[in-house]
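One structure below.
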Amino acid sequence: MPQSVYLDMDPGHDDVLALLVALASLEVEGVTTVAGNQTVDKTGRNARRVLDIAHYKTISVHGGSAHPLFRPLVTAGHVHGSTGLDGYQIPAGLRHVDIAADAQAWLASEFSRHSSGITWVATGPLTNVAAFLMGHNHLIPSIAQLVIMGGALHGGNITAHAEFNFYVDPDAAHWVMTSGIPIRLVGLDVTHQALLSPQALDRFAGFGTEVGHMLHDLFAFYFEHEPHASPQGTPVHDVLAVAAVVHPEFFIWRRLHLLVERCREDRRGQVIIVPEEAAPSSVEVAIDIDSERFFKWMWEVLISRYAADPIV
Ligand code: RIB
Ligand code: CA
């Protein structure tokens, strides 16, 4: 029985790849969406459409926060386009989809059903996650692990110092990083190592399915717009958080006390390592990845579930 997970996302091209790999390798209990790569109405519709195209119509999508806890929203249209999934023509039958808009109530209902053992994966700004922790303290013990794509011990992608998800909502990121919940943090330190080769486009097209066609068109656009893409390949960020759930052994982890810069605007969202404190931190940070093992696994999962002829 695959491990069950809850996903909080801002689809977004790389969120789509993460969602498809999660659907094929884990038991996805549901998806909540957040404003980040695009506005929350668009990220919600995008998640619903991808689930429907991948034939997971029974998996629910619940819309969450429309803006960061205390700041105006910053989106990433320069990377993901005005729809959040530019490059791919949504099939006509999926242009008008509705989603529920009660992420917090749905999460509370779901997490109340589990006394423990919940794995929660977050691949967008941490606004929904922080709001839930603030409003449902009594349900925190039900969370066994929170796996996050975000942050960077060194460098950034939206500024020289900050990764996008932490930059958009640094207050939420700080709250979550200091919550005491068991966290595995998958940041740019590893996502800038594991680059998807341009040859992936032909491999996606070779699936011979609508999912393969969608991935081809989405990533043809993404290769042209992801700031760190090059002829050698492009980071795929979010899917590494899914890999960290299924195969944590692909990574090297270091336990660190982290804070997130919220005051200095020029350093907004920067991860700050706190010198060793008495109690061990609840946060493990990925500092290295075996990219070859990761991509071998990712292609096996994708081909076996989404290719017309799943010869791996
Ligand atoms: O910095 C990369 C992260 O920001 C990814 O989650 C991507 O989808 C964007 O949200
Ligand atoms: Ca994302």
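Based on a Kirkwood Rh over C-alpha pairs, give the Stokes-Einstein translational diffusion coefficient of the range 1-139 at 25 °C and viscosity 0.890 mPa s in µm²/s.
Working: Rh = 15.1 Å.
Taking Rh from Cα pairs, D becomes 162 µm²/s.
Tell me the label-point distance for the pair Met1, Ala66, using the 7 Å Cα-to-Cβ offset, in nm and rounded to one decimal.
3.9
Please report the accessible area of Asp102 (heavy atoms, 1.4 Å probe, ligands and nucleic acids excluded) in Å², nearest 10.
Asp102 exposes around 60 Å² with every protein chain in place.
Quick one: net charge of Leu94's neighbours, Cβ under 10 Å, K/R +1, D/E -1? Could the numbers behind the result be given before it?
Numbers: positive: Arg45, Arg48, Arg49, Arg95; negative: Asp52.
Charge balance near Leu94 sits at +3.
For the chain, what does the alpha-carbon gyration tensor say about shape, rounded, prolate or oblate, given a ≥ b ≥ c as the root eigenvalues, a/c under 1.5 as rounded, and a/b over b/c as prolate? Can you show the working numbers first?
Working: a/c = 1.40, a/b = 1.27, b/c = 1.11.
Here the chain falls in the rounded category.
Roll a 1.4 Å probe over the protein chains and send me the accessible area per residue for the range 1-154 in Å². Can you show the working numbers first?
On the way: 5430 Å² over 154 residues.
Per residue, the range 1-154 has 35 Å² of solvent-accessible surface.
Under 15 Å from a point 7 Å along the Cα-to-Cβ line of Cys263: which residues of the range 152-181 have their amide N that close?
171
Run the accessible area of the chain with a 1.4 Å probe and give the carbon-and-sulfur part as a rounded percent.
On the way: 6520 of 12180 Å².
Carbon-and-sulfur percentage of accessible area, whole number: 54.
Quick check on the range 127-239: take the gyration tensor over C-alpha atoms, sort the square-rooted eigenvalues as a ≥ b ≥ c, and tell me if it's rounded (a/c under 1.5), prolate or oblate. Could the numbers behind the result be given before it?
Working: a/c = 2.78, a/b = 1.77, b/c = 1.57.
Here the range 127-239 falls in the prolate category.
For the chain, what does the helix formula give at 222 nm: sum of -39500 (n - 2.57) over DSSP H segments with n ≥ 4, over the residue count, nearest 500 deg cm²/dmol?
Details: 12 runs with 114 residues, N = 312.
About -10500 deg cm²/dmol.
Using the heavy atoms of the protein chains alone and a 1.4 angstrom probe, what is the accessible area of the range 220-274 per residue in square angstrom? Please list the in-between numbers first.
Numbers: 2470 Å² over 55 residues.
Per residue, the range 220-274 has 45 Å² of solvent-accessible surface.
The values are calculated or read from the model by the stated rules, or taken from the named source; none is laboratory data. Everything numeric here is computed off the predicted structure, so don't read it as measured data. Every residue, glycine as well, gets a Cβ built from its backbone with ideal geometry; the counts of neighbours run over all protein chains shown. Just the protein is used for accessible areas: all its heavy atoms, side chains included, with ligands, DNA and RNA removed. Shrake-Rupley method; radii C 1.70, N 1.55, O 1.52, S 1.80 Å.
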